[in-house]
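One structure below.
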Amino acid sequence: MPPPSVRTVVLDWSVDPAMALLVGLAAYLYLLGVRRLARRRPGGDRRSRRWPPPRTLAFAAGLLTLVFATQSGLARYDTVLFSLHTVQHVLLGMVAPVLLALGAPITLALQASARPTHRTLLRVVHHPVVAALTHPLVAWGLFGGTLFALYFSPLFEQSLRNDLVHQAVHVHFVAAGLLFAWPAVGLDPQRRRLSHPGRLLYVLMAVPFHAFLGLAVLSAAEQPLGADVYGAVARDWGPTLAVDQRTGAAVLWALGDLFGLVAGAIVVIQWIKADERRQAREDRRLDEAMKVSG
């Protein structure tokens, strides 16, 4: 296998049928919801039902991130170099979930669906199992805790050897990231909605997870993770397994911290906008009260 380069990572693509099908289905359903919503004209006003384009762009960017992480040249090297595996991990478990959550797909489905579907979706959202999984403490623990369980157990090496296990791990990264992102930056209805100060604390408390994980991976560099698999790859280029693992540890640490800062910034922006909307409503209420009294 040739050494990775910008060209091989960006341009050397291969199709993952399962992921392509899932992403294609998600894109179709989302755009179908946007189209259905645009056709509804409450009070004859088409614009009042227009789905915000930034949400569509965010969701599309999330899907494209999933495609790039699993079907570009990056996916070819995740079983060759641990460092590139960690980059893929960050894309699947952090970047894509935040973008998908900002797309508010459940809100779109609720607004665009017929009443029976609307009731079914609400029952699913408020189901005890879903409520338990999306509880902030549970989501927070799954997001951080399962990373240690993956990297420091036989499951990691098994995921490098077995394609089905490998895909299951990818699904887990995305699912755990979504469970974390929904309470933090998500716009969809939730059974337990955190206040904006609570969201900010929730995000900032997750930052040390990747720092601790990076330190743990760094300390294990002399006995590299997945050494039997990575060491069996025939290559006469690139770093040693120990150096590559140190690079992967730095990626987890640095990008984990960056993710926390970006997610925190999103929460702050949402907080400011919520305060502005609240103030605008209060101003309108006072104006109406003054008109009535006058």
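The values are calculated or read from the model by the stated rules, or taken from the named source; none is laboratory data. Note that this is a predicted model, so its numbers are computed, not measured. Every residue, glycine as well, gets a Cβ built from its backbone with ideal geometry; the counts of neighbours run over all protein chains shown.
Looking only at the stretch 271-294, decide whether some residue is surrounded by 19 or more Cβ atoms within 10 Å (Cβ to Cβ) and assigned to a helix (DSSP H, G or I). So far as the stretch 271-294 goes, no, none of its residues is surrounded by 19 or more Cβ atoms within 10 Å (Cβ to Cβ) and assigned to a helix (DSSP H, G or I). Against the test of being under 16 Å from Ala184 (Cβ atoms) and either in contact with a Leu (Cβ under 6 Å, 6 or more places away or on another chain) or without any contact (Cβ under 8 Å) to a residue 24 or more places away in the chain (or both), the options Ala104, Ala132, Ala114 yield a single qualifying residue, Ala104.
So how many residues does the stretch 89-105 have that are of a type in the set (Gly, Ala, Ser) and part of a helix (DSSP H, G or I)?
From the stretch 89-105, those of a type in the set (Gly, Ala, Ser) are 93, 96, 101, 103-104; that's our starting set.
With the extra rule that they be part of a helix (DSSP H, G or I), the set shrinks to 93, 96, 101.
Residues that pass the stated criteria total 3.
Scanning the stretch 199-211 for residues that are surrounded by fewer than 18 Cβ atoms within 10 Å (Cβ to Cβ) and of a type in the set (Gly, Ala, Ser) gives a single hit, Ala211. Whether a residue is in contact (Cβ under 8 Å) with a residue 40 or more places away in the chain and buried (at least 21 other Cβ atoms within 10 Å of the Cβ) was assessed, and Gly33 does not pass this test.
Per the listing Gly231, Gly214, Gly256, the residue uniquely surrounded by 12 or more Cβ atoms within 10 Å (Cβ to Cβ) and either out of contact with any Phe, Trp or Tyr (no Cβ under 6 Å at 6 or more places or on another chain) or among the aliphatic types (A, V, I, L, M) (or both) is Gly256.
Show me the helices (runs of 4 or more DSSP H) found entirely inside the stretch 106-198 where at least 3 residues are modelled with pLDDT of 90 or more and surrounded by 18 or more Cβ atoms within 10 Å (Cβ to Cβ).
Numbers: elements: 115-125, 128-133, 136-151, 154-161, 163-185.
Where helices (runs of 4 or more DSSP H) fall fully within the stretch 106-198 and carry at least 3 residues being modelled with pLDDT of 90 or more and surrounded by 18 or more Cβ atoms within 10 Å (Cβ to Cβ), they are 163-185.
Does the stretch 210-217 contain any residue that is under 23 Å from Gly264 (Cβ atoms), among the β-branched types (Val, Ile, Thr) and in contact (Cβ under 8 Å) with a residue 12 or more places away in the chain? So far as the stretch 210-217 goes, no, none of its residues is under 23 Å from Gly264 (Cβ atoms), among the β-branched types (Val, Ile, Thr) and in contact (Cβ under 8 Å) with a residue 12 or more places away in the chain.
Here is a check on your reading of the model: is Ala263 surrounded by 14 or more Cβ atoms within 10 Å (Cβ to Cβ) and assigned to a helix (DSSP H, G or I)?
yes
Among the residues of the stretch 88-105, are any β-branched (Val, Ile, Thr), buried (at least 18 other Cβ atoms within 10 Å of the Cβ) and more than 19 Å from Pro208 (Cα to Cα)? Full working, then the answer.
Start the filter on the stretch 88-105 by keeping residues that are β-branched (Val, Ile, Thr), which leaves 90, 95, 98.
Filter once more, keeping what is buried (at least 18 other Cβ atoms within 10 Å of the Cβ): 90, 95, 98.
In the following step, the residues that additionally are more than 19 Å from Pro208 (Cα to Cα) were identified as none.
Among the residues of the stretch 88-105, not one is β-branched (Val, Ile, Thr), buried (at least 18 other Cβ atoms within 10 Å of the Cβ) and more than 19 Å from Pro208 (Cα to Cα), which makes the answer no.
Just a yes or no: is a residue in the stretch 229-237 within 22 Å of Asp78 (Cβ to Cβ) and assigned to a helix (DSSP H, G or I)? Scanning the stretch 229-237, I find at least one residue that is within 22 Å of Asp78 (Cβ to Cβ) and assigned to a helix (DSSP H, G or I), so the answer is yes.
Being surrounded by 19 or more Cβ atoms within 10 Å (Cβ to Cβ), over 13 Å from His89 (Cα atoms) and either of a type in the set (Phe, Trp, Tyr) or without any contact (Cβ under 8 Å) to a residue 12 or more places away in the chain (or both) is the filter here, so list the residues in the stretch 53-72 that pass it. Of everything in the stretch 53-72, just one residue is surrounded by 19 or more Cβ atoms within 10 Å (Cβ to Cβ), over 13 Å from His89 (Cα atoms) and either of a type in the set (Phe, Trp, Tyr) or without any contact (Cβ under 8 Å) to a residue 12 or more places away in the chain (or both), namely Phe59.
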